[in-house]
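K.L.:
Sharing a structure with you now.
Bear in mind these aren't lab numbers, they're just calculated from the coordinates by the rules spelled out. Every value quoted in this text rests on a predicted model; they were computed, and no experiment measured them. Because the Cβ atoms are built from the backbone with ideal geometry, glycine has one as well, and the counts that use them run over all protein chains shown.
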Amino acid sequence: MLAVVAGIGAFGWVGLYFALAAEVGGSRFAGLLTGVAGACAWSGVLVGPPLFGLLLQATGSYRWPWLALALTVFAAGWALSRIPPLVKRD
């Protein structure tokens, strides 16, 4: 049961994310925005771990890489809370 909940939490957002990207792009730009959304989402997976490791090596402590990660998450959450809704519904 824990694996099911973890799987939903880890991968359940992907379909919603791409559906929103396609809806925002409309029929003309749905493919382009879906591709850009995928590139943005997976770029963190490719760039984040090496940056975490570099910061760990530079400081010699896990405190600073985790703090940097937490600050990045909070900054992204704050930035996302500041933008208006992307899709207007009647």
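K.L.:
Output the residues belonging to segment 1-33 that are closer than 20 Å to A76 by Cβ and not hydrophobic (A, V, I, L, M, F, W, C).
P.N.:
Those that are closer than 20 Å to A76 by Cβ and not hydrophobic (A, V, I, L, M, F, W, C): G9, G12, Y17.
K.L.:
Look through segment 33-59, keep the residues that are of a type in the set (A, V, I, L, M, F, W, C) and more than 18 Å from the chain's Cα centre (by Cα), and return whichever of them is farthest from R89 (Cα to Cα).
P.N.:
Looking at the filtered set, the residue picked out is A58.
K.L.:
Now a separate question. If I filter segment 48-90 down to residues being of a type in the set (K, R) and not in a helix (DSSP H, G or I), which single residue comes out as surrounded by the most Cβ atoms within 10 Å (Cβ to Cβ)?
P.N.:
Only one residue tops the list, namely K88.
K.L.:
Look at segment 17-35 and say how many of its residues are in contact (Cβ under 8 Å) with a residue 12 or more places away in the chain and either loosely packed, with under 14 Cβ neighbours inside 10 Å or under 13 Å from L86 (Cβ atoms) (or both).
P.N.:
Counting residues in segment 17-35 that are in contact (Cβ under 8 Å) with a residue 12 or more places away in the chain and either loosely packed, with under 14 Cβ neighbours inside 10 Å or under 13 Å from L86 (Cβ atoms) (or both) gives 7.
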